[in-house]
Every structure is written in structure tokens, then in C-alpha cells.
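Where a number appears in this text, it was derived from the coordinates with a stated rule and is not lab data. Since we're looking at a predicted model, the values are computed, not measured. For neighbour counting, all protein chains shown are included, and Cβ atoms are generated from backbone atoms with ideal geometry for every residue, glycine included.
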Amino acid sequence: MIDFTEVMPELFTRSKLLILDFSKIPAGIIDEENIQKFFEHCIEHGINPRKPENRQKFNNKMLGVSGQRYLVSQYGEDRVSMLGDTHIAKEGRTIHMGVDIFSKDLEQVSAPSNGTVVMAGHEEGFGEYGNYLIFQPEGIEGMYIFLGHLAKDSGRVGSIKQGTLIGHLGDYIDNENGGWSRHLHLQIITRLPDPGLTPIGYSTKDSFGPNSLLFPDPMPYFPNWRVLE
């Protein structure tokens, strides 16, 4: 297995866990790191906590309190409370199949190994991937890295060296990144999607087992990545 390098600056050393499954949030967690409390406060005051600008405010506050550069979610996390009445939740697909890396700024995204950007595109619609690319690491058959919610300047198809800039995070303004707070969706995929399609980012509970074979946990590929709990 290849030990991939950082896809964003200081990712391995300045990352903090963000728990998005409300049922898994520890009782003693401080309010600034408790997204359930943030949701409850927003709803109480007639504010939509799912709007990207509001989610960004929470992320920025948690990053400020923790002193970290990134907030990192968990693979296989049930986000039913986060998704609300979105079309994804209505389909029963609430289990996240990748890892999300949230930031305050529109960070650079770099190749984690030598390889090739084999696909780049834009998925239209609010709540979709926005700009994305698919990277194939050199020397690994049947394994690709899907990177979603990128900026418009991201994603040139072609060979690339490890550590080379391949893009930036996209913003929620004008739906550049699909209308999300600033973050990178990082997902391992074992085969390329059909032309014009993208891999599912969420699974139903019943399908998680077989889907986890198609979209395995990315974290073992980044053994030097330390996420503070």
C-alpha cells in the first residue's frame, strides 16, 4: 500500500475531528465543537443551519477554538440528522462513503503521489459535487481518489508529480462547490464511474457492506495523518 502524502498543507499535523453523527457526540464536548448544539440554536432562532454560510460560521469558530487548520469527518458516518429533508436523506442514503476535510480558507489541493488526473468535471445542482476530479495513483491498479467540491480552476487531465498543485477548494458562492461550506470530499473508488456520472457519496445502511468494498475507508492510505480527537 502506498503511503500518500498530504493533499493540503499541514493536513497531517493540524487536523481536528468533527463528529457529524449526532448520536456519537460525547456528552462532555464543549459547545464550540458540538454541531448538534449549533443546529438546535439555529433552529430555535429561525436560522437554517444547513445553509453553507451558516455551516461555515460554525466551522470557523471551531477551528479558532481548537487552533487547528482543518476539521475532519469520519468514514462510514451516519449523517441522518445533518441531512434533514434533503433528497439524499429521502432516498435513505445517510452513510457517508468518504472523508470530508473542512477549512476556513480556500486551501490548495495537491497530488498525494505520482499519478494521473484521469477525469475532471462539474456536477450541476445545489448539494452536488460541483467541480471534481479523479486521480489515479501511479502503480496501483483498480484504485482511484475522487476529490469533490473544488474551485473552477481545478482539474486538468494528465500526468502529475507527487506534491504538485492540482487545484483549490471551491466556494459556496455561485454554487462553485455544489453549495457546501468549504471542504474537500475525499473518497477512494475502485472503478471509474460511467461518463457523465459521479460515484455515490452516501449509502443506505443496508447497502453499506457491499458499497464499502467499492468505496473503502481512505484513512489507512494516509498512515501519517494524525487527527486530534
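Can you give the net charge of the other residues whose Cβ lies under 11 Å from the Cβ of residue 52, counting K and R as +1 and D and E as -1? It would help to have the intermediate numbers written out before the result.
Values: positive: 50, 51, 55, 57, 182; negative: 53, 171, 176.
For residues surrounding residue 52, the net value is +2.
Tally Lys and Arg at +1 and Asp and Glu at -1 over the other residues with C-beta under 14 Å from the C-beta of residue 62: what net charge comes out?
+4
Which of the GluC sites (Glu not before Pro) across region 64-156 are loop residues per DSSP, with 13 or fewer other Cβ within 10 Å? Numbers along the way, then the final one.
On the way: sites: 77, 91, 107, 123, 124, 128, 138, 141; in loops: 77, 91, 107, 124, 128, 138, 141.
Passing both the DSSP loop test and the Cβ count: 91, 124, 141.
What dipole magnitude, in Debye to the nearest 20, does the chain give about its Cα centre under +1 on Lys/Arg Cβ and -1 on Asp/Glu Cβ?
Roughly 240 debye, rounded to the nearest 20.
Using a ≥ b ≥ c from the Cα gyration tensor of region 136-229 (square roots of the eigenvalues), is it rounded, prolate or oblate, where a/c under 1.5 gives rounded and otherwise the larger of a/b and b/c decides, a/b for prolate?
Taking the square roots of the gyration eigenvalues as a ≥ b ≥ c, region 136-229 is rounded.
Please find the FRET efficiency linking residue 214 to residue 5, where r is the Cβ-Cβ separation and R0 is fixed at 22 Å, and quote it to the nearest 0.05.
About 0.35, to the nearest 0.05.
By per-residue mean of other Cβ atoms within 10 Å, what is the highest-first order of 53-64, 172-183?
Answer by packing, highest mean first, reads 172-183, 53-64.
Under 19 Å Cα to Cα from residue 24, which lysines show up? Leave out anything in the same chain fewer than 8 places away.
Excluding near neighbours in sequence, the set is 16, 37, 205.
For residue 61, which aspartates and glutamates qualify as cross-link partners when the Cα separation must be under 12 Å and same-chain residues fewer than eight apart are set aside?
The reachable aspartates and glutamates, counting only those whose Cα sits under 12 Å from residue 61, are 31, 32, 33.
Kindly express, to the nearest 10 degrees and within the range 0 to 90, the angle between helix 52-66's C-alpha long axis and the longest C-alpha principal axis of the chain.
Helix 52-66 and the main axis of the chain meet at about 90 degrees.
Based only on other Cβ atoms within 10 Å, what is the fewest-to-most ordering of 29, 88?
Fewest to most other Cβ atoms nearby, the residues stand as 29, 88.
Considering amide H positions built from the backbone, and no H for Pro or chain starts, which residues 5 or more places from residue 109, or on another chain, come under 5 Å of its amide H?
For residue 109, the qualifying residues are 166, 167, 168, 169.
Is the shape of region 58-114 best called rounded, prolate or oblate, per the rule: a/c under 1.5 gives rounded, else a/b larger than b/c gives prolate, else oblate, with a ≥ b ≥ c the square roots of the Cα gyration tensor eigenvalues?
In terms of gyration-tensor shape, oblate.
In whole Å, how far is the Cα centre of region 182-229 from that of region 54-98?
Taking the Cα centre of each part, region 182-229 and region 54-98 sit 15 Å apart.
Starting from the Cα-Cα distance between residue 153 and residue 165, subtract it from 0.36 nm times their residue separation and give me the gain in nm to one decimal.
On the way: separation 12, 0.36 × 12 = 4.32 nm, distance 1.09 nm.
Gain on extension, residue 153 to residue 165, equals 3.2 nm.
Hey, what's the per residue convex hull volume over the C-alpha atoms of region 1-102, in cubic angstrom?
In region 1-102, the Cα hull volume divided by residue count equals 129 Å³.
Taking region 15-220 on its own, what percent of its Cα-Cα pair distances exceed 24 Å?
For region 15-220, the share of Cα pairs beyond 24 Å comes to 40 percent.
Which net charge results for the neighbourhood of residue 27, defined as the other residues with beta-carbon distances under 14 angstrom from its beta-carbon, given Lys and Arg at +1 and Asp and Glu at -1?
On the way: positive: 24, 37; negative: 31, 33.
With Lys, Arg at +1 and Asp, Glu at -1, the net is 0.
Give me the number: length gained by fully extending residue 54 to residue 87, i.e. 0.36 nm times residue separation minus the C-alpha to C-alpha distance, one decimal in nm.
9.9 nm
Any chance you could give the angle, 0 to 90 degrees and rounded to 10, that helix 35-44 forms with the longest Cα principal axis of the chain?
On a 0 to 90 degree scale, this one is about 50.
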